[in-house]
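Written out below as structure tokens is the structure these notes cover.
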């Protein structure tokens with residue numbers, strides 16, 4: 001378990017906090033391009049690392065991310081007029097460009113040059129692969145964007161999904177690095193004979209046949225790698241290899257099929273946004289999911305990318321139907337029937353994950369927990385985050401992988417190996433397949 005003091009370091013991400021300072025060294029996926037669909041479209045409220053921000057797409061198509069409060073007298077720029085290459089506060093007409101410069105003060109006399117002295121809070125932005133990335137750190141020249149393979153594909157050859165979670169970022173991310181929960185929460189009622197071996201490229205049947213696993217973890221240049229194994233056939237072992245990548249990325253074992261990654265981005269200490277990005281044609285139908293209704297009360301029950309469901313509040317983006325107030329739409333009859341993906345928990349869609357992580361409380365008190373063998377990877381991930389956040393605070397040591405984008409080309413693995421082999425070491429060629437593919441000559 002962590003001490004109360006260590007838990008504070010891990011979970012607090014606002015300006016000036018230990019973990020918040022480390023987070024600000026990295027680029028963060030903050031929005032989808034579709035949330036700012038056209039030049040001069042409506043501004044969007046954006047909460048990142050405890051800061052209230054406003055995002056807008058200017059007339060030229062360039063994106064600005066500025067502070068919510070107008071530096072004049074604090075009115076919200078959300079109500080501003082997005083026009084003629086800037087966002088104009090409707091209170092007194094002060095206008096700001098995407099770099100935060102005040103470019104017009106029509107309420108001041110003509111001879112005034114006060115606008116040259118005024119700037120609003122602004123952060124650097126890049127747009128790539130359908131995502132809008134924001135850098136909130138102190139570097140004048142930010143680090144490169146991480147080379148996450150799924151975010152470097154041509155239009156139409158990737159899929160992005162998202163959902164909002166009303167809890168601290170860390171307990172949400174821990175759910176992704178806890179790969180053993182899949183055999184229970186998501187598949188506790190499923191049986192191995194239900195899996196078609198001909199299409200079972202992730203060897204899921206072995207995770208249902210043997211629901212316990214042995215766990216191993218090793219430190220890496222990007223964070224840490226977790227490997228768990230369980231018996232497969234008489235002469236083979238089933239290995240599931242997952243990655244934690246600084247500061248908030250996970251690559252779960254089954255994601256190797258689509259070179260997927262998950263990013264759990266803190267909005268503030270008590271809320272986070274979850275991004276799921278895959279190499280998968282946007283024209284392909286969505287995967288079947290965990291069962292239950294797809295839409296309830298006008299909202300999807302699982303992750304999605306339809307910005308038309310979004311409201312305008314700070315926490316109104318990519319919400320799902322199952323929430324704390326409706327008990328995540330639990331279906332007790334389905335739970336009793338114990339059939340299919342819904343039959344173990346009775347919770348439809350991503351309410352399965354949110355129901356677990358949010359029910360811990362908005363900021364989980366880790367000093368009260370009792371960790372087991374299955375938590376080996378989570379323990380290591382926590383220790384690394386605290387260690388490197390403190391090192392950055394104390395002497396400015398650059399955090400892992402921040403200046404080495406190629407490290408993010410690693411992949412997860414789900415495979416069979418001969419008995420007695422270390423799966424983490426034996427699958428290095430699979431884990432780094434993206435790099436070897438680039439080295440192959442054309443033709």
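Some values worked out for this structure:
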item	result
So residue 239, is it under 22 Å from residue 304 (Cα atoms) and assigned by TED's automatic domain parsing to the domain that holds residue 299	no
Yes/no for residue 34 being at pLDDT 95 or above, out of contact with any strand residue (DSSP E or B) (no Cβ under 6 Å at 6 or more places or on another chain) and not in a strand (DSSP E or B)	yes
Residues being under 20 Å from residue 252 (Cα atoms) and surrounded by 18 or more Cβ atoms within 10 Å (Cβ to Cβ) - total across region 345-374	9
Residue check, residue 284 in the same structural domain as residue 155 (by TED's automatic domain parsing), touching a strand residue (DSSP E or B) at 6+ places or on another chain (Cβ under 6 Å), modelled with pLDDT under 95 and surrounded by fewer than 21 Cβ atoms within 10 Å (Cβ to Cβ)	no
Region 109-129: number of residues that are more than 17 Å from residue 48 (Cβ to Cβ), within 38 Å of the chain's Cα centre (by Cα) and in a loop (DSSP other than H, G, I, E, B)	2
Selection count where residues are over 22 Å from the mean Cα position of the chain (by Cα) and not in a loop (DSSP other than H, G, I, E, B), scope region 37-65	1
Subset of region 122-140 that is assigned by TED's automatic domain parsing to the domain that holds residue 72 and free of Cβ contacts under 8 Å to residues at least 60 places away in the same chain - its residue that is nearest to residue 25 (Cα to Cα)	124
Set 225, 237: member being over 26 Å from the mean Cα position of the chain (by Cα) and buried (at least 19 other Cβ atoms within 10 Å of the Cβ)	237
Subset tally (residues that are surrounded by fewer than 19 Cβ atoms within 10 Å (Cβ to Cβ) and under 20 Å from the mean Cα position of the chain (by Cα)) for region 1-11	0
Filtered residues of region 141-153 (kept if touching a residue at least 40 places away in the same chain (Cβ under 8 Å) and either part of a loop (DSSP other than H, G, I, E, B) or touching a helix residue (DSSP H, G or I) at 6+ places or on another chain (Cβ under 8 Å) (or both))	142, 143, 144, 145, 146, 147, 148, 149, 150, 153
Conditions (1) modelled with pLDDT of 95 or more; (2) under 30 Å from residue 192 (Cα atoms); (3) in contact with a strand residue (DSSP E or B) (Cβ under 7 Å, 6 or more places away or on another chain): number failed by residue 315	(2)
Some residue of region 13-30 being over 27 Å from the mean Cα position of the chain (by Cα), part of a loop (DSSP other than H, G, I, E, B), free of Cβ contacts under 8 Å to residues at least 60 places away in the same chain and outside the structural domain of residue 396 (by TED's automatic domain parsing)	no
Test: residue in region 414-431 that is under 20 Å from the mean Cα position of the chain (by Cα) and assigned by TED's automatic domain parsing to the domain that holds residue 252	no
Enumeration of residues in region 159-172 that are part of a loop (DSSP other than H, G, I, E, B) and surrounded by 20 or more Cβ atoms within 10 Å (Cβ to Cβ)	167, 168
Boolean, residue 180 is at pLDDT 95 or above, in the same structural domain as residue 355 (by TED's automatic domain parsing) and buried (at least 20 other Cβ atoms within 10 Å of the Cβ)	no
Pairs where the first residue, in region 95-107, is on the phi > 0 side of the Ramachandran plot and touching a residue at least 24 places away in the same chain (Cβ under 8 Å) and the second is in a strand (DSSP E or B) and surrounded by fewer than 19 Cβ atoms within 10 Å (Cβ to Cβ), C-beta under 6 Å, 6+ apart	100/119; 100/122
Where residue 156 falls short, out of the listed (1) in a loop (DSSP other than H, G, I, E, B); (2) at pLDDT 95 or above; (3) over 16 Å from the mean Cα position of the chain (by Cα)	(2)
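The values are calculated or read from the model by the stated rules, or taken from the named source; none is laboratory data. A quick note: this is a predicted structure, and the numbers were derived from the prediction, not measured. When we count neighbours, we look across all protein chains shown, and the Cβ atoms used for this are built from the backbone with ideal geometry, even at glycine.
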